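Structure first, commentary second.
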Amino acid sequence: MASKTSFSSQEVNNARFNAEAAAWDSNPTTVESTKKALEAIMRYVPELAQGRGKDLDVLEIGCGTGLLSMQLAPHVRSLVGVDTSDGMIDAFNKKVAALPDPDKANMATVNVLMEEADDVHVQGAAAALATRRGETGKDVPYRFDLVVSHLTLHHVPEMAPLIATLFNSLKSGGRIALTDYEDFGPEAIPFHPKSKREGVERHGIKRDELEIIIDGTGFNEVRVEQAFVLRKEVEAEDGEPEREMDFPFLIGLGQRS
Ligand SMILES: C[S@@+](CC[C@H](N)C(=O)[O-])C[C@H]1O[C@@H](n2cnc3c(N)ncnc32)[C@H](O)[C@@H]1O
């Protein structure tokens, strides 16, 4: 039986991200990483690369304060951001409320651990956005054209069930484009300072592991490759001084037939 002081990684993560939400956007490296993730998504997703993004309904897993979402939303038709931290979702919602016309925003947020494509909260958010753009109840349950997720997979205890949920959340022809830092060996561990490692399920994503999972889920056109490199300051540890390191980031791609 779990002791009173034993917390699940989800609880540890929620506590960490609730505490960090207010200052999240003031970290220049975090901002830089979402800018690079956006550039990668714009490059790798054919509809976006070809300027056809305005037909895309997007689901984002681990949207946080909306750093990536706010940059991606102008390029697509709609974006539903899902996150398990209410602090992060509150920060995101405040940014939407501060937009010139928040009632017309093409973004909505959901504070849930999404375990099925028909999750009622996600369905409700997708329905609200569809109503806002004048659609009435067609194509239910709602499915998406694109699922993105940045710097979230390394927090997820089991990637395979999540990626199966993402598969089921897609329309036929829909794609995933998932970005996170690569596990390129023990050198990847300092990506997080020691104080933030507790809720980290894996020190980056192993290229082969992600490819096998995406492939095994039933996706076509599976590719996992380096999308960009992020330079990040890491703390002094184990005799190594404080220094800057280059961290490779992967993009995991697949299309539902
Ligand atoms: C490192 S932050 C990245 C946030 C955002 N994508 C960004 O780049 O600024 C990871 C986010 O994933 C969320 N998260 C962790 N596990 C999750 C899960 N299973 N489902 C949805 N969100 C999750 C956390 O609450 C946190 O907001």
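Quick notes on this structure:
- Computed extension length for ASP215-ARG52: 56.1 nm, one decimal, from 0.36 nm per residue of separation with the Cα-Cα distance subtracted.
- Gain on full extension, evaluated as 0.36 nm per residue between THR29 and ALA128 minus their Cα-Cα distance, stands at 32.3 nm.
- Among ASP246, ASP86, ASP139, the largest mean-square fluctuation in a Gaussian network model of the chain (Cα springs under 10 Å) belongs to ASP139.
- For the chain, the longest principal axis of the C-alpha atoms and the axis of helix 9-20 are separated by about 90°.
- Percentage relative contact order, the chain, counting C-alpha pairs under 8 Å, at least six apart: 18
- Averaging the Cα positions of each part gives two centres, and for region 149-190 and region 62-98 these lie 18 Å apart.
- Between 0 and 90°, nearest 10: helix 120-132 axis offset from the chain longest Cα axis: 50
- Put simply, the amide H of ALA227, placed in the peptide plane, has neighbours under 5 Å in PHE249, LEU250, ILE251, leaving out anything fewer than 5 places away on its chain.
- Coupling constants for region 163-173 follow from the phi torsions by the Karplus curve (6.51 cos²θ - 1.76 cosθ + 1.60, θ = phi - 60°), and in residue order they are 5, 5, 5, 5, 4, 5, 7, 8, 6, 4, x Hz; glycine and proline get x.
- Under a Gaussian network description of the chain, with springs only between Cα atoms under 10 Å, the residue in THR65, THR136, THR34 that fluctuates furthest is THR136.
- For the chain, the longest site-free run once trypsin sites (Lys or Arg not before Pro) in DSSP loop states with at most 14 other Cβ atoms within 10 Å are removed: 53-132
- Zone residues, region 144-165, relative to LYS171, backbone N less than 15 Å from point 7 Å out along Cα-to-Cβ: 144-147
- Region 209-243: GluC sites (Glu not before Pro) in DSSP coil with no more than 14 other Cβ atoms inside 10 Å: GLU235, GLU242
- Residues in region 141-147 carry Karplus couplings, in order, of x, 6, 10, 10, 8, 8, 10 Hz; the curve used is 6.51 cos²θ - 1.76 cosθ + 1.60 with θ = phi - 60°, and Gly or Pro positions show x.
- Considering only Cα atoms, the convex hull volume of the chain works out to 136 Å³ per residue.
- Exposure proxy order (Cβ contacts within 10 Å, fewest to most) of VAL147, VAL96: VAL96, VAL147
- Under-19-angstrom lysine pairs by C-alpha in region 9-255, whenever the two are 8 or more apart or on separate chains: 11
- Using a cutoff of 8 angstrom between alpha carbon atoms and counting only pairs six or more residues apart, the relative contact order for region 186-238 works out to 44 percent.
- Region 81-136: C-alpha gyration tensor shape, a/c 1.5 cut-off, then a/b vs b/c: oblate
- Cβ-Cβ distance of ALA15 and GLU240, R₀ of 25 Å, FRET efficiency by 1/(1 + (r/R0)^6): the value works out to about 0.30.
FYI, it's all coordinate maths here, none of it is from the lab. Predicted, not measured: the structure shown is a model, and the values here were computed from it. Here Cβ is always computed from backbone atoms with ideal geometry, including for glycine, and neighbour counts include all displayed protein chains.
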